[in-house]
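Contents: one structure, followed by commentary.
No value in this document is a laboratory result; all are computed from the given coordinates. Since the structure is predicted, the reported quantities are computational estimates derived from the model, not experimental observations. No Cβ is skipped: glycine too gets one built from the backbone with ideal geometry, and neighbour counts run over all protein chains shown.
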Amino acid sequence: MIFAGIDAGSRTVKVVVLDGTRRKVVASGVADQGVRQADLAGRLLDKVLKKGGLRRKDIRRIVATGYGRDAISFAGTTITEITCHAAGVREQDCDARTVIDIGGQDSKVMRLDADGAVRDFVMNDRCAAGTGRFLEVVAERLRVRLDHLGALSGRTRNPVPINSTCVVFAETEIVGLLASGTAPARIAAGVQVAMAARVAVMAGRNVTTPIVFTGGVAMVPGIARALARAIGHPIRTAEQPQLTGALGAAILAAAGE
Amino acid sequence: MRSQRSQRHAVDGPLVWFGGMVEHCLDHARARIKRGGHVVGMACEYTPRELIMAAGGVPVCLCGGDADMIPAAEEMLPSNLCPLIKSTFGYSVRRENPFLEMAELVVAETTCDGKKKMYELMAESRPVHVMELPQKPGDQDAMRHWVRELHKLKEVLEERFKKRITGSGLRKAIALMNRERGLRRDLAGLMKAEVPPITGLELLGMKSIISCIPSDLAQYRRALKVLPGRILKPSARSRTRVLLTGVPIPHGAERVVGLIENSGGLVVCQENCTGLKPILEDVDAAAPDPMLAIAGKYFHLPCSVMTRNDRRLDSLHELVRDFRPQCVVEVIWQACLTYDVESFRVKRLAGELGLPYLRIETDYSPSDSARIETRVQALFETVRGRYKS
């Protein structure tokens, strides 16, 4: 039986199609988020299905997650990204006890029970520092592509401290640093340290290991290392971390049987 | 036999009544002024209403819940301040709270630094008397100081309203306030039921910013008769029972309670100042010195300004036992320092009691509603644990 998970995030939409019987991912895909979110997700779903040689009518159930989940009218159920990320991590890494998810507009830390259920979670309030949006703002300021930001920060061993805890103020701080001739690599690395510090505070003092890192930001080189340093424990980056939420949604769609 | 519709109407009568709360309070205040009464503004549950009532005063809660009042306040106050303080002050600046405009005196207190400093600015245009609230609840000197503060307030009221506050006047006010506290306690107690008959939002709406209005008391009594057995849709049984704690939720700022209840929750217990906190304990009506009895009741309030505020944790413990919530949600107004810091202890207690805990820091603007909904829904998913893979 075929199930689909759709993660309608703030920056991208992700789809995972799962063969529930064999419990294997048949196909998956990512597309940039846009204005008509339901249409966008529908087109992506059809594209992914085609890759797997399937059609819509083959799908037994669809679960939507992510901040745009309620807009996905063709999904049977919506489940929050917190529960879905936990389920996705659990599928790939069954002994995980903490999940750190950093997406486009939020970051969250989830603590799991030994049986994989979410015990509790924290999520950033009204603030974008410590999210993917922070990295986008920085990349724009430094005039580099987002996917080059990690490589850039890898060029220095001397990150500059970024003290502002707000994206808007941090941007002003970065403008000042650039004006005073600070190397972009040091700024990029400094931003990673600042982001990691924020997430570490959210995770609190008693982090249970193993820790798994998910979300689009986990694809940026260097962030996982900065996080591990800030938290004081090793961090495992999930396999295809951008898809973890959609995978979890597909798993939960199958679990609904 | 009455039709179903009129039965429904009879059951919902008290809820409908409190929907017109502000108008009723205006009518009441105007009528009292006509008969020589004095409107007195207040913005904290530590304010001893009995004293004001015994002086012929009509205490009115001024706590602002309207976001539209905030920009005017921010011309003088920092933007990074609690929205309740800003909204209250905005009403004062814009002269748009009719009760404040009627008030002959504002009885202020030092329950938080933000309010304390805001009152200084308010006092530039209105008569304000500040009571200094000591903050060590277990300390005998602190209690003596509080009693002195009550006597000072008594003198201020007597002087201003040219009326002596007598022992019998105080006892009458104590009896009246105790009656209202008792009725509201019983009403809140309906939520202990396996299948509560009203929502937390409805309960929150069933009170007035002026205490002891006779028609309100009659409606409380009526509500206690007609509400049990009322059926909620969706069914109360299918919802997650929530204990709400943290800051007060003033009239107009009920957004978070609505978000919780629209996401599948039912707020069965409100520990905060707009809920059970101020009505859990009565004033000892039989005490030989009514001033001491009043001082004692109010000094026991477990506000986060107190140190140590162990009483709040004890109270939460008991409320969890009585109301059987499945999770705890703490609401903190942005920049409310004392509740913010104390939330760590509440979270720890929730953990000890095996209850999932969610802390929501927000203000009066709806910009974070979608984010709050996601967190609340995730909390309920956690409680139900039904999505285990």
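Miscellaneous remarks
- Order of B:102, B:53 under a 10 Å beta carbon neighbour criterion, fewest first: B:102, B:53
- Among B:124, A:81, B:281, a tally of other beta-carbon atoms within 10 Å of each Cβ gives an order, fewest to most, of B:124, B:281, A:81.
- Annotation for region B:1-89: trypsin sites (Lys or Arg not before Pro) lying in DSSP loop with at most 16 further Cβ atoms inside 10 Å of their Cβ are B:2, B:35.
- Each Cα pair under 8 Å and six or more residues apart adds its sequence gap; the mean of these over the residue count of chain A is a relative contact order of 24 percent.
- Region A:139-174 and region B:305-370: distance between their alpha carbon centers, rounded to Å: 36
- Only Cα pairs under 8 Å and 6+ residues apart enter the sum, and on that basis the relative contact order of region B:326-377 stands at 46 percent.
- Cross-link partners of residue B:192 among lysines (Cα-Cα below 23 Å; sequence separation of 8 or more within a chain): B:207, B:225, B:233, B:277, B:347
- For region B:50-179: relative contact order, % (alpha-carbon pairs under 8 angstrom, 6 or more apart): 28
- A Förster radius of 51 Å combined with the Cβ-Cβ distance from residue A:148 to residue A:115 puts the calculated FRET efficiency at roughly 0.80.
- Helix axis angle, B:4-19 relative to chain B longest principal axis, alpha carbon, degrees: 40
- Spin-label pair residue B:215-residue B:365: with each label point 7 Å from Cα along the Cα-Cβ axis, the two points sit 3.9 nm from one another.
- Residues B:76, B:131, B:21, ranked from the fewest to the most other C-beta atoms within 10 Å, line up as B:76, B:21, B:131.
- In a fully extended conformation the segment linking residue B:139 and residue B:237 would gain 30.8 nm over its present Cα-Cα distance, using 0.36 nm per residue.
- Label point 7 Å beyond Cα of residue B:101 along Cβ direction - residues of region B:50-65 with amide nitrogen under 18 Å: B:60-65
- The distance from the alpha carbon centre of region A:1-22 to that of region B:1-76 is 52 Å, rounded to a whole number.
- Extension gain, residue A:209 back to residue A:77 (0.36 nm per residue minus Cα-Cα distance, nm): 44.4 nm
- Degrees, to the nearest 10: B:167-189 long Cα axis against longest axis of chain B: 10
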